[in-house]
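Everything on this sheet refers to the single structure shown next.
Derivation of every value follows stated rules applied to the coordinates shown; laboratory data play no part. Computed from a prediction, not measured in an experiment: that's the story for all the values here. Every residue, glycine as well, gets a Cβ built from its backbone with ideal geometry; the counts of neighbours run over all protein chains shown.
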Amino acid sequence: MKFSYILKGLWDTFKDIMPVTIFMLFLQLFIFKKPLKDVKLFITGLFLSILGLFLFLEGTNLFLLPLGESVGENLVTLDSKWIIILLVFIIGFSTTLVEPALATLAMEVEEVSVGSIPRKTLVYTVATGFGTGLSLGIYKILYNIKTSKIVIPLLILSTLLCLIAPEEIIGIAMDCASSTTGPVNIPLNLSIALGLSKVIEGSDPLLSAFGIIGLTSLGPIISVLLLGIVSK
C-alpha cells in the first residue's frame, strides 16, 4: 500500500468527519457557551477517530467484502438449497451477536426494564430474527422470487403484531432492527448475497441481492414483537 494512498485515504476521512465536528463545536462554544473540558483529549480523540475509521474502511474492503463475495459464489457448490439457507442463517445469527450497537441497546433495555427484558434474551431474539430475514433474502435469490412478494406480507405481519404487542416493546423492536445494521453485518451479508446472485443463472444482482438488508431489519422487528407478545 503506497504512502500517497494512505495520505489520500486519511484526508478523505478527515473531510468526512470535520463537518459534523465543526457543527458540534459551534453548538458547544457559541450556542451553549461551554468550553471544551480537555482540548488535548479532544484533539487526540479526533485523530484516533480519523485513523480508526480509515483503517476500518480499508479493512472492510480488503477482508470482509472479498471474503463475503467469495463465500456467496461458492455456496452454489453445495448440493441442497436448504443447506445453503441453513448456513446463511447461522452466518447471520453469529454476526449479529458481535454487533456492538445491539449489545449496548440490550444493556440499556435491561436496565430501564429493571431486568424484565434480560440482555441475553433480547440479543438472541434479535439474532434469530436477523438470521431468518437473511435466510429469506437468500431464499428469494435461489428461487428468483420478486422482492415485493416477500416484503409486503412481512410488512402486513409486523403491522398486525404492533397492534397486538405491548406498547413498550414496539419502540424497542424498531431500535433493535436499526442496531443490527452495523459495521459487521451489512458489508459481510450484502457481499454474500451479491456473490451468490452473480453465479445464479438468470439472477440479476441489482434485482435480487439488494433489498436483503431490509429483510434483515424486518426479521428482528417481528421476532422482538413476538417476544413481547409471548412474555406479556
Taking the reciprocal of mean 1/r across every pair of different Cα atoms in the stretch 187-232, the Kirkwood radius in Å is 12.1 Å
Rounded to the nearest 0.05, FRET efficiency between residue 67 and residue 111 (Cβ-Cβ, R0 30 Å) equals 0.25
Of 22, 141, 169, the most mobile residue in a GNM of the chain (C-alpha springs, cutoff 10 Å) is 22
Quick calc, residue 210 & residue 159: beta-carbon distance into FRET formula, R0 25 Å, rounding 0.05, result 0.60
Between the alpha carbon centres of the stretch 183-206 and the stretch 104-143 the gap in Å comes to 22 Å
Note on the stretch 1-47: alpha-carbon gyration tensor, axes a ≥ b ≥ c; rule is a/c under 1.5 for rounded, else prolate if a/b larger than b/c, else oblate; result oblate
Fewest to most Cβ atoms within 10 Å: 24, 107 sort as 24, 107
Within the stretch 15-43, the residues whose backbone N lies under 20 Å from a label point placed 7 Å from the Cα of residue 56 along the Cα-to-Cβ direction are 15-25, 42-43
By Cβ neighbour count within 10 Å, fewest first, 207, 225 rank 207, 225
If every Lys and Arg gets +1 and every Asp and Glu gets -1 at its Cβ, then about the Cα centre the stretch 33-97 yields a dipole, in debye to the nearest 20, of 660 debye
Label model pair residue 76, residue 11: point-to-point distance (7 angstrom along the Cα→beta-carbon line) in nm is 4.2 nm
Taking only the alpha-carbon atoms of the chain, the convex hull volume per residue, in cubic angstrom, is 166 Å³
Per DSSP loop assignment and a cutoff of at most 12 other beta carbons within 10 Å, the chain keeps its longest run without exposed chymotrypsin sites (Phe, Trp or Tyr not before Pro) at 33-142
When the chain is treated as a Gaussian network with springs between alpha carbons less than 10 Å apart, the largest mean-square fluctuation among 166, 205, 183 is found at 166
